[in-house]
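Student: Dropping a structure here in structure tokens format, bear with me for questions.
The values are calculated or read from the model by the stated rules, or taken from the named source; none is laboratory data. Every value quoted in this text rests on a predicted model; they were computed, and no experiment measured them. For neighbour counting, all protein chains shown are included, and Cβ atoms are generated from backbone atoms with ideal geometry for every residue, glycine included.
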Amino acid sequence: MNINNLINISIEGLKTIKEERFYYTERGYQGRLYCSLQSKLDSLEVPERAIIEMEYQKSSRHGMTQRPDIVIHIPAEFNDLEVNEGNFVVFALKKKANKEKAKEDFDKLDEMFESLRYQFGFFINISSQKHFLEYYDGQYKDKIHSFAVNLIENSIFIKHAYWKNGEFFTEEYNDNQDDFV
């Protein structure tokens with residue numbers, strides 16, 4: 001799966017969540033993001049049988065018991081795959097995470113990279129202006145993208161941070177612009 005396409009549909013998905021109520025709870029925001037991502041994923045060329053799921057419970061057969069917020073993958077049990085095959089992106093969402101909570105989710109993403117070979121991990125900090133990616137100290141810097149998304153006076157503001165070839169980048173978007181600020 002193309003990382004730029006995943007980033008673009010994720011940013012566009014974040015831009016669609018304009019109802020203030022969804023910023024009150026992580027679960028509500030997650031449900032709305034899932035719906036938006038699903039509609040946008042349908043427009044991409046994705047590997048056959050790839051689907052998006054919420055709160056998919058990982059079990060002992062996966063070697064963990066995490067319940068990632070959202071995943072895009074090819075379900076192994078229906079497609080003659082091993083559990084560490086066909087895994088594209090895992091999303092971890094937190095509402096108003098502080099540095100410690102963000103680092104906990106970064107550690108969980110690392111576990112998903114190591115055990116299940118997810119290609120990418122997206123951390124989304126809801127109702128916040130902080131992405132905390134500068135505190136990531138794991139070995140998968142080029143796989144993690146971190147987003148801070150906030151609704152201020154009916155406008156959505158997004159900060160996107162990522163590492164590329166050892167260099168740290170940040171970009172800012174809002175729902176009134178097609179490009180970064």
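Student: K101: at pLDDT 95 or above and surrounded by fewer than 16 Cβ atoms within 10 Å (Cβ to Cβ), yes or no? I'd like the intermediate steps shown before the answer.
Tutor: On the way: at pLDDT 95 or above: yes; surrounded by fewer than 16 Cβ atoms within 10 Å (Cβ to Cβ): yes.
Considered against the rule, which asks whether it is at pLDDT 95 or above and surrounded by fewer than 16 Cβ atoms within 10 Å (Cβ to Cβ), K101 comes out as yes.
Student: Taking the condition among the acidic types (D, E), over 27 Å from Q139 (Cα atoms) and surrounded by 14 or more Cβ atoms within 10 Å (Cβ to Cβ), does E12 pass?
Tutor: Answer is yes for this residue.
Student: Just give me the residues in the stretch 1-15 being without any contact (Cβ under 8 Å) to a residue 40 or more places away in the chain and either β-branched (V, I, T) or more than 17 Å from S43 (Cβ to Cβ) (or both), in sequence order.
Tutor: Answer for the stretch 1-15, where residues must be without any contact (Cβ under 8 Å) to a residue 40 or more places away in the chain and either β-branched (V, I, T) or more than 17 Å from S43 (Cβ to Cβ) (or both): just I9.
Student: Separate question: Going through the stretch 20-29 one residue at a time, which ones are in a loop (DSSP other than H, G, I, E, B) and under 17 Å from the mean Cα position of the chain (by Cα)?
Tutor: At the first step, the residues of the stretch 20-29 found to be in a loop (DSSP other than H, G, I, E, B) are 24-25.
Result: T25, single match.
Student: Here's a check for you: in the stretch 21-33, which residue that is in contact with a strand residue (DSSP E or B) (Cβ under 6 Å, 6 or more places away or on another chain) and buried (at least 19 other Cβ atoms within 10 Å of the Cβ) is farthest from S127 (Cα to Cα)?
Tutor: Here the answer is Q30.
For every residue, the table says whether it meets (1) at pLDDT 85 or above; (2) over 16 Å from the mean Cα position of the chain (by Cα); (3) of a type in the set (K, R); (4) more than 20 Å from Q119 (Cβ to Cβ).
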site: S10; (1), (2), (3), (4): yes, no, no, no
site: K18; (1), (2), (3), (4): yes, yes, yes, yes
site: V46; (1), (2), (3), (4): no, yes, no, no
site: M54; (1), (2), (3), (4): yes, no, no, no
site: S59; (1), (2), (3), (4): no, yes, no, yes
site: L81; (1), (2), (3), (4): yes, yes, no, no
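Student: For E53, all conditions in the list (1) more than 16 Å from N125 (Cβ to Cβ); (2) buried (at least 18 other Cβ atoms within 10 Å of the Cβ) hold save one; what is the number of the exception?
Tutor: Checking E53 against (1) more than 16 Å from N125 (Cβ to Cβ); (2) buried (at least 18 other Cβ atoms within 10 Å of the Cβ), the one that fails is (2).
Student: Can you tell me which residue within the stretch 61-78, out of those that are of a type outside the set (D, E, K, R) and at pLDDT below 75, is surrounded by the most Cβ atoms within 10 Å (Cβ to Cβ)? Walk me through it before giving the result.
Tutor: Taking the stretch 61-78 first, the residues of a type outside the set (D, E, K, R) are 62-66, 68, 70-76, 78.
With the extra rule that they be at pLDDT below 75, the set shrinks to 62-66.
Working: H62: 17, G63: 14, M64: 17, T65: 9, Q66: 19.
Among those that are of a type outside the set (D, E, K, R) and at pLDDT below 75, it is Q66.
Student: Is it fair to say S43 is in contact with a helix residue (DSSP H, G or I) (Cβ under 7 Å, 6 or more places away or on another chain) and polar (S, T, N, Q)?
Tutor: It is false that S43 is in contact with a helix residue (DSSP H, G or I) (Cβ under 7 Å, 6 or more places away or on another chain) and polar (S, T, N, Q).
Student: Any residue that is over 12 Å from the mean Cα position of the chain (by Cα), within 26 Å of P47 (Cβ to Cβ) and among the charged types (D, E, K, R) - is there at least one of those in the stretch 94-105?
Tutor: If we filter the stretch 94-105 for residues that are over 12 Å from the mean Cα position of the chain (by Cα), which is where we start, we get 95-104.
Checking the rest, the ones that are also within 26 Å of P47 (Cβ to Cβ) come to none.
No; the residues of the stretch 94-105 include none that is over 12 Å from the mean Cα position of the chain (by Cα), within 26 Å of P47 (Cβ to Cβ) and among the charged types (D, E, K, R).
Student: Take the conditions in contact with a Phe, Trp or Tyr (Cβ under 8 Å, 6 or more places away or on another chain), modelled with pLDDT of 95 or more, farther than 24 Å from F88 by Cβ and hydroxyl-bearing (S, T, Y) and apply them to S146. Does it pass?
Tutor: No.
Student: For the stretch 114-181, which strands (runs of 3 or more DSSP E) that fit wholly inside it have 3 or more residues that are surrounded by 15 or more Cβ atoms within 10 Å (Cβ to Cβ) and either of a type in the set (F, W, Y) or in contact (Cβ under 8 Å) with a residue 12 or more places away in the chain (or both)?
Tutor: In the stretch 114-181, 120-126, 144-152, 155-164 are the strands (runs of 3 or more DSSP E) which contain 3 or more residues that are surrounded by 15 or more Cβ atoms within 10 Å (Cβ to Cβ) and either of a type in the set (F, W, Y) or in contact (Cβ under 8 Å) with a residue 12 or more places away in the chain (or both).
Student: To continue, here is another question. If you take the residues in the stretch 30-49 that are of a type in the set (G, A, S) and in a helix (DSSP H, G or I), which one is nearest to L14 (Cα to Cα)?
Tutor: In this case the residue turns out to be S36.
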